[in-house]
Amino acid sequence: VHNAGVLGPVVSLEHVGVEEWRDHMAVNMEGPLFLTQALLPKLKAAASTTTTTTTTGGARVLHISSGASQKPYRGWGPYCTSKAALNMIYRVLREELQPYNIHVGSVRPGVVDTPMQDQVRTCDSKSFPDLPRFQTLKEDGKLESPEKVATFLDWLLSETSVEEFCKEEWDIRDADHQHRWLDRLL
């Protein structure tokens, strides 16, 4: 599971510095790519010792994406751009590694109650005009819990078919699949 991510500094694209931009790309995009490369010998070995079944065959890599890869937020330009690029990396790796029986997936876990969200809620509203939305999500108890996300990821990695896992980017809020894993939280 590749779960690297930096959000700050929150700054408009008009004012982002070269080093700030590169830092976002290094962590949010390059980190998962080069980690996958480094793991390929072990992934190939693991994939070659398993048989492909409809559920668990081969090896799996899961990228943690973000809704910000699909929706622009003012002040989050570097973050949004790096997560959008990560989405394309997932899609290309999915195609390139499939012949090795290595299956690559991606998931948008929702707005999760993590230290990154604590950071979001301390942003300056001039730099981040969508700040009230994220403050309200916290106040109304609508952030996803890390436990819920972990349960979803466990299900995704261990119980979805190879075809399902890779087909498209997953979203924890998609009601079409929640009935298959949400009861594990009880």
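Kindly check whether there is at least one residue in region 79-87 that is open to solvent by 60 Å² or more (accessible area, probe 1.4 Å) and out of contact with any Cys (no Cβ under 6 Å at 6 or more places or on another chain). No, region 79-87 has no match at all. Across region 153-181, the qualifying residues are those that are within 18 Å of the chain's Cα centre (by Cα) and aromatic (Phe, Trp, Tyr), and the one among them that is farthest from Pro109 (Cα to Cα) is Phe165. Restricting attention to region 101-120, which residues are open to solvent by 30 Å² or more (accessible area, probe 1.4 Å) and either basic (Lys, Arg) or in contact with a Ser or Thr (Cβ under 8 Å, 6 or more places away or on another chain) (or both)? Within region 101-120, Arg108, Asp113 qualify.
Taken as a whole, the structure places Ser106 among residues that are small (Gly, Ala, Ser) and either under 30 Å from Pro41 (Cβ atoms) or out of contact with any Asp or Glu (no Cβ under 8 Å at 6 or more places or on another chain) (or both). From the list Gly141, Gly75, the lone residue that is more than 28 Å from Leu40 (Cα to Cα), out of contact with any helix residue (DSSP H, G or I) (no Cβ under 8 Å at 6 or more places or on another chain) and surrounded by 17 or more Cβ atoms within 10 Å (Cβ to Cβ) is Gly75. Put simply, of Thr122, Thr160, Thr136 the only residue that is farther than 19 Å from Leu86 by Cβ and in contact (Cβ under 8 Å) with a residue 60 or more places away in the chain is Thr160.
All conditions but one from (1) within 13 Å of Leu7 (Cβ to Cβ); (2) within 14 Å of the chain's Cα centre (by Cα); (3) not polar (S, T, N, Q) apply to Arg108; the one that does not is (1). Looking only at region 21-51, residues that are modelled with pLDDT under 95, open to solvent by 60 Å² or more (accessible area, probe 1.4 Å) and in a helix (DSSP H, G or I) come to 1 in all.
The values are calculated or read from the model by the stated rules, or taken from the named source; none is laboratory data. Because the structure is a prediction, the values reported are computed rather than measured. Note that we place each Cβ from the backbone using ideal geometry, even for glycine, and neighbour counts take in every protein chain shown. To get the accessible areas, we keep the full protein, side chains included, count just its heavy atoms, and leave off ligands, DNA and RNA. Shrake-Rupley method; radii C 1.70, N 1.55, O 1.52, S 1.80 Å.
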